[in-house]
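So the structure is just underneath, and the comments pick up after that.
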Amino acid sequence: MRIHWKRLIYVIFICLYSGLFFYNFLNPFNNWFISYIYTIILIIWLGVEYYEKRLFFQTGLLPMALYSWPLRSLFALFFYSSFIIGISTIAWWHKNQIGLYPFIQIIGLALLVFSIYFRRRTFKGKRITEKNISQFYLSILLLVSSIALGYGSKSLIFYVIIIGFPLIYLQRRYEFKQFKNFEVFVRDTQKNDKIKEKNYANLWEKYIDKQLKKRKKK
């Protein structure tokens, strides 16, 4: 396996810097330690995703040209604002804390670890299926739920349910619809009843080319 040294060094630097920064930032406040561990695990995981060049908010099972960038941007805004709200809850917004420390935070930490494990399982299968896509977005749902609990934030619970869950549902629906359209194209236009793994790239190119021609006609 080839090691990308520049990317690896960057990830290590970010993780070490973040560990020191958030320790100094959160240490003066009460009930901070479990949330600090949560933050470091989250950052390390994001670093691994960056190193492996995976799409964080979308599966990456479809070609980049077919993804909805507005949906991805909205979810990115939601995710990073959730992180800020969580950190702010510990540092300044004490009335927003759920309480029951450390039990709520430990549940959030466990949920984060499980969501990462569940997400990694999604990429083991080579074939794209409804199950793979659904598993991925379920892992994202568990992840954003863990943020509210990991930081013990009352407002984040509502923020995640009202904003996060619908965005996850829309992304899952959009991606599955794209794949279903692709299957119809392969079956009806290419007269191919089975999509073989080795033919994915070639078939996607034909499908995208067809989509671009449709847009030009409009």
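From the list Leu46, Leu16, Leu71, which residue is free of Cβ contacts under 8 Å to residues at least 12 places away in the same chain, in a helix (DSSP H, G or I) and surrounded by 15 or more Cβ atoms within 10 Å (Cβ to Cβ)?
On the way: Leu16 fails: surrounded by 15 or more Cβ atoms within 10 Å (Cβ to Cβ); Leu71 fails: free of Cβ contacts under 8 Å to residues at least 12 places away in the same chain.
One residue alone meets the criteria, Leu46.
Residues in segment 76-85: is at least one buried (at least 16 other Cβ atoms within 10 Å of the Cβ), closer than 21 Å to Tyr174 by Cα and without any contact (Cβ under 8 Å) to a residue 40 or more places away in the chain?
No; the residues of segment 76-85 include none that is buried (at least 16 other Cβ atoms within 10 Å of the Cβ), closer than 21 Å to Tyr174 by Cα and without any contact (Cβ under 8 Å) to a residue 40 or more places away in the chain.
This table checks each residue for (1) within 16 Å of the chain's Cα centre (by Cα); (2) under 26 Å from Thr89 (Cβ atoms).
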residue	(1), (2)
Ile140	yes, yes
Ser145	yes, yes
Lys154	no, yes
Lys180	no, no
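So, in segment 127-150, how many residues would count as being under 17 Å from Trp45 (Cα atoms) and either touching a Ser or Thr at 6+ places or on another chain (Cβ under 7 Å) or not in a helix (DSSP H, G or I) (or both)?
Qualifying residue count, segment 127-150: 8.
Restricting attention to segment 185-194, does a residue exist that is surrounded by fewer than 17 Cβ atoms within 10 Å (Cβ to Cβ), β-branched (Val, Ile, Thr) and modelled with pLDDT of 75 or more? Can you show your working first?
Narrowing segment 185-194 to residues surrounded by fewer than 17 Cβ atoms within 10 Å (Cβ to Cβ): 187-194.
Next, only the ones that are β-branched (Val, Ile, Thr) stay: 189.
The next check asks that each one be modelled with pLDDT of 75 or more; those that pass are none.
No, segment 185-194 contains no residue that is surrounded by fewer than 17 Cβ atoms within 10 Å (Cβ to Cβ), β-branched (Val, Ile, Thr) and modelled with pLDDT of 75 or more.
Got at least one residue in segment 51-74 being in contact with a Phe, Trp or Tyr (Cβ under 6 Å, 6 or more places away or on another chain) and over 30 Å from Trp204 (Cα atoms)?
no
Residue under question is Tyr174, and the condition is that it be surrounded by fewer than 20 Cβ atoms within 10 Å (Cβ to Cβ), touching a residue at least 24 places away in the same chain (Cβ under 8 Å), among the aromatic types (Phe, Trp, Tyr) and in a helix (DSSP H, G or I); does it hold? Please lay out each step first, then the result.
Working: surrounded by fewer than 20 Cβ atoms within 10 Å (Cβ to Cβ): yes; touching a residue at least 24 places away in the same chain (Cβ under 8 Å): yes; among the aromatic types (Phe, Trp, Tyr): yes; in a helix (DSSP H, G or I): yes.
It is true that Tyr174 is surrounded by fewer than 20 Cβ atoms within 10 Å (Cβ to Cβ), touching a residue at least 24 places away in the same chain (Cβ under 8 Å), among the aromatic types (Phe, Trp, Tyr) and in a helix (DSSP H, G or I).
Kindly list the number of the only condition in (1) surrounded by fewer than 17 Cβ atoms within 10 Å (Cβ to Cβ); (2) part of a loop (DSSP other than H, G, I, E, B); (3) of a type outside the set (A, V, I, L, M, F, W, C) that fails for Thr59.
Here Thr59 meets the rest and fails (1).
Output yes when any residue across segment 27-34 is surrounded by 13 or more Cβ atoms within 10 Å (Cβ to Cβ), over 23 Å from Leu149 (Cβ atoms) and touching a helix residue (DSSP H, G or I) at 6+ places or on another chain (Cβ under 7 Å), and no when none is.
No, because not a single residue in segment 27-34 is surrounded by 13 or more Cβ atoms within 10 Å (Cβ to Cβ), over 23 Å from Leu149 (Cβ atoms) and touching a helix residue (DSSP H, G or I) at 6+ places or on another chain (Cβ under 7 Å).
Looking at segment 107-124, which of the residues that are closer than 11 Å to Gly150 by Cβ and in contact with a Gly (Cβ under 9 Å, 6 or more places away or on another chain) is surrounded by the fewest Cβ atoms within 10 Å (Cβ to Cβ)?
In this case the residue turns out to be Ile107.
The values are calculated or read from the model by the stated rules, or taken from the named source; none is laboratory data. What you are looking at is a predicted structure, and each value in this text was computed from that prediction instead of being measured. Note that we place each Cβ from the backbone using ideal geometry, even for glycine, and neighbour counts take in every protein chain shown.
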